[in-house]
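Here is the structure we will look at, set down as structure tokens.
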Amino acid sequence: MLIVQEADYSNALSRLSAATSGTGKGYLEEARAALKSMLADRSLLDHVPLERSPGAYTRNFLFGDDKITVYAIIWSAGSQTSIHDHHCSCCFGIWSGSIEESWYEAVDGAHAVLSRQFVRHAGETACMLPSGPNLHKMSNDTGQETISIHIYGYDRQTRPSSIDCEYRLFNGPKSQ
């Protein structure tokens, strides 16, 4: 099912879906190519009814089949995800604005510590295979709306989300 009306995206996303059964490298190349093409198209979302929620992020479905799901995510000012890992591949690109992506390392099955932070700007892409753990959190602290395009390697008809596990920030042992 394709919400975006451009035939080029249908072909690119179909190639990407077929690449899910190939090597990780081939899949990542197809995902980056699809994202770069979509990010370059300033009319990409012109005919997509985008849902917004103040203080939160919203997922807006663009494409899906039995192997991949594509969303446009609208990040209102101050919105953020939990610290989480994915059960599938997670590739995203920033269509407009910027987002902070924080990477974490698991301490145990419920806690994680911050390891790196990046600010992702319009036009940038990032991809993770489900060879994890690939723990991250995304935050919009810019004061303005950000839009990102996400390609996940799962069928949204069989699972409600790409998130596998959520973590809490590890603060360490309490000092005496």
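Details
- Residues (in contact with a helix residue (DSSP H, G or I) (Cβ under 7 Å, 6 or more places away or on another chain) and either at pLDDT 75 or above or surrounded by fewer than 17 Cβ atoms within 10 Å (Cβ to Cβ) (or both)) located in region 13-28: LEU13, ARG15, LEU16, ALA19, GLY26, TYR27
- Condition check for GLN117: surrounded by fewer than 20 Cβ atoms within 10 Å (Cβ to Cβ), in a loop (DSSP other than H, G, I, E, B) and modelled with pLDDT of 95 or more: no
- Selection status of THR146, buried (at least 20 other Cβ atoms within 10 Å of the Cβ), of a type in the set (S, T, N, Q), within 25 Å of GLY97 (Cα to Cα) and touching a residue at least 60 places away in the same chain (Cβ under 8 Å): yes
- Within the span defined as region 161-176, every residue fails to be in contact with a helix residue (DSSP H, G or I) (Cβ under 7 Å, 6 or more places away or on another chain) and touching a residue at least 24 places away in the same chain (Cβ under 8 Å).
- You will find that of ASP66, ASP85, the residue that is over 20 Å from GLU145 (Cα atoms), surrounded by fewer than 17 Cβ atoms within 10 Å (Cβ to Cβ) and acidic (Asp, Glu) is ASP66 and no other.
- Considering residues of region 50-78 that are touching a residue at least 60 places away in the same chain (Cβ under 8 Å) and touching a Pro at 6+ places or on another chain (Cβ under 9 Å) only, the residue farthest from SER96 (Cα to Cα): GLY78
- Scanning region 120-130 for residues that are part of a loop (DSSP other than H, G, I, E, B) and either without any contact (Cβ under 8 Å) to a residue 12 or more places away in the chain or out of contact with any Ser or Thr (no Cβ under 9 Å at 6 or more places or on another chain) (or both) gives a single hit, GLY123.
- Residues of region 79-108 that turn out to be out of contact with any Pro (no Cβ under 8 Å at 6 or more places or on another chain) and in a loop (DSSP other than H, G, I, E, B), as a count: 6
- Residues considered: ILE163, ILE147. Of these, the only one that is modelled with pLDDT of 90 or more and either of a type in the set (Lys, Arg) or within 13 Å of the chain's Cα centre (by Cα) (or both) is ILE147.
- Taking the criterion of being closer than 15 Å to ILE147 by Cα and either in a helix (DSSP H, G or I) or at pLDDT below 85 (or both), the residues of region 29-48 that qualify are LEU35, LYS36, MET38, LEU39, ALA40.
The values are calculated or read from the model by the stated rules, or taken from the named source; none is laboratory data. Owing to the predicted nature of the structure, the values given are computational and were not obtained by experimental measurement. With ideal geometry, Cβ positions are generated from the backbone for all residues, glycine too; neighbour counts draw on all protein chains shown.
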